[in-house]
Structure formats: C-alpha cells, structure tokens
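Only the coordinates and a few stated rules stand behind these numbers; no lab work does. On a predicted model such as this, the values are computed, not experimentally measured, just so you know. Virtual Cβ from ideal backbone geometry, glycine too; neighbours counted across all protein chains shown.
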Ligand code: ATP
C-alpha cells in the first residue's frame, strides 16, 4: 500500500475540517476524492503533504508514519503535491519552474526527466524561456504537473487540475493524468468534475463536510443514484 490514512482529525482553530477520515491508495491506482466546495478535499491533501497538522489519527506513506514530518522531508520521500490554482512561480521561466521541481534531487537524471516532461508537454518546450506568469491557464496547469513530475513522485497529489479550463483542455488534462498513471505513477486526484474523475479513476471516495460518506470502485460510484443526483448532474 502506498498510502494509508486512518481516522484523522484536522482542525482550523475551532473548525473541525476533517472528521475521522480514512483513505487508502494502492500502488498503481488513480484514486479520486470528490466532494462539494468546502468539503475538505484540499485540507486532506495539505495534511498529507505536511502543511497542516493532524490532531489525531495516523498517516502511513510507503509503510512509514509521516505524521509530524516536515513538508520538505515528505517531498523527499516522494509524496508530491500539485496544488490547487497551479501556483507556478510567475516571474521565473518555464524551465526554471521545472528545475525547482527537482531541487531536492541529488541524482544525475534530472536533465533526462526534463526531456521527458518536454516530450509529454511539447507546448512547454516551445515556451521554455517564457515567464510562467504569462502562460495561459492550461499551459500553467501543464507546467504545474510537469514540475511535480520532476520530483519523481511515488504518489502524486493533484488538486483540481481541471479547474477553470475550457472543456477541450479539461479532456486533455484528464488524458495526461491517465497516461502518467499508466507510466507507473500512483495518483490521488481531487476533483469537482466528478464525471471525468470517475472515468479515469480506479476507486473513489466522497467527502461531505469533513467526512467520508461513500467509497467504492469508480464504476460503482458512477452508477450510484446518490452520486448521479448529487455530483454528476443527471
Ligand atoms: P474547494 O473545492 O472549494 O476547494 P475543499 O473541499 O477543498 O473545497 P477545503 O479548502 O479543504 O475544501 O476546506 C474545508 C473547510 O475548511 C471549509 O469549511 C473551509 O472554509 C475551511 N478552511 C479551509 N482553510 C481554512 C483556513 N486556513 N482557516 C480556517 N478555515 C479553513
């Protein structure tokens, strides 16, 4: 098992944002976490990457507890967070952003991985000297994913990669996520676009006001009447 989250509770001051949440991710899976605005999806990802503290419960990554570990050490372990809203470094070039994705790596294959990212995202190669802040929304999302890949993730956390993108680009991003997974990267995908997320995921969890209310295979959830009426819009 790559990730085992067991009964975690997370607070923002008095606000109980995650209430006894348990989630697992197995090697090679795409697991998606769906839920409405404010359900706690981003909170869960921030907790996994060490940006928020748990009050109780356990988090194991590759069989080791990471509770209380610094964010930098979690990145070093290979748990890589691609945050909501892309968060590229606007005043740095595309290439510099990619280099930063690899800043904790000491091996000699960084260059090779950058070539792989450029192969996957030819648009980034064309624009490698361009300031990231001047890229289109879709290009920035590609850069954010490319930067995460530069860290060689053993588990990639993707927070709403389709947010704010035109429908055609949304398709492209989901296809890219699927390809990255087929090439061996395990993915935990947070999405409001439940329709698309359930199409590419193996398993899914539904989060409502800080609690997991449903889980199962993505196909099962896509067929559930409850999910259809609440999240799939039909
Ligand atoms: P969205 O899809 O809108 O991003 P989400 O499911 O990712 O929603 P979170 O951002 O995890 O939701 O927020 C969960 C709850 O925690 C919300 O009620 C939110 O208002 C609250 N919250 C988030 N960040 C903070 C913070 N820094 N301080 C206080 N409350 C917060």
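Each label point is 7 Å from the Cα along the Cα-to-Cβ direction; what then is the distance between the points at residue 183 and residue 136, in nm?
The modelled label-to-label distance comes out at 2.2 nm.
Once you have the Cα-Cα distance between residue 6 and residue 199, take 0.36 nm times their residue separation minus that, and quote the gain in nm to one decimal. Present the calculation step by step, with values, prior to reporting the outcome.
Details: separation 193, 0.36 × 193 = 69.48 nm, distance 2.62 nm.
The span from residue 6 to residue 199 would gain 66.9 nm if fully extended.
Using alpha carbon centroids, what distance separates segment 152-181 and segment 1-30, in Å?
Each part reduced to its Cα centre gives a spacing of 21 Å.
Could I have the simple spin-label model distance between residue 171 and residue 14, label points 7 Å from Cα toward Cβ, reported in nm to one decimal?
5.0 nm
Over the chain, what is the percentage of antiparallel beta bridges among all DSSP beta bridges, to the nearest 5? Don't jump to the answer; show the numbers that get you there.
Numbers: 22 of 40 bridges.
So the antiparallel bridges amount to about 55 percent of the total.
Using a Förster radius of 41 Å, what is the FRET efficiency between residue 73 and residue 225 based on their Cβ-Cβ separation? Nearest 0.05, please. Walk me through the numbers before you get to the answer.
On the way: r = 44 Å, r/R0 = 1.07.
With R0 = 41 Å, the Cβ-Cβ based efficiency is 0.40.
In deg cm²/dmol, rounded to 500, what helix-only [θ] at 222 nm does the chain give when every DSSP H run of at least 4 residues adds -39500 (n - 2.57) and the total is split over its residues? The partial results should precede the final answer.
Numbers: 9 runs with 81 residues, N = 234.
Roughly -10000 deg cm²/dmol at 222 nm, from the helical runs in the chain.
Spin-label point model (7 Å from Cα, Cβ direction): what's the residue 232 to residue 106 distance in nm?
4.9 nm
Label 7 Å along Cα→Cβ of residue 208; segment 159-179 residues with amide nitrogen under 11 Å?
The answer is none, because no backbone nitrogen lies closer than 11 Å to the label point.
Neighbouring Cβ atoms within 10 Å as the yardstick, rank 159, 6 fewest first. Please list the in-between numbers first.
On the way: 159 23, 6 13.
Neighbour counts put them in this order, fewest first: 6, 159.
Evaluated at 37 °C with a viscosity of 0.692 mPa s, what Stokes-Einstein diffusion coefficient in µm²/s does the chain have when Rh comes from the Kirkwood expression over alpha-carbon pairs?
182 µm²/s
Where does helix 110-120 land angle-wise versus the long Cα axis of the chain, in degrees 0 to 90, nearest 10?
Rounded to the nearest ten degrees, it is 80.
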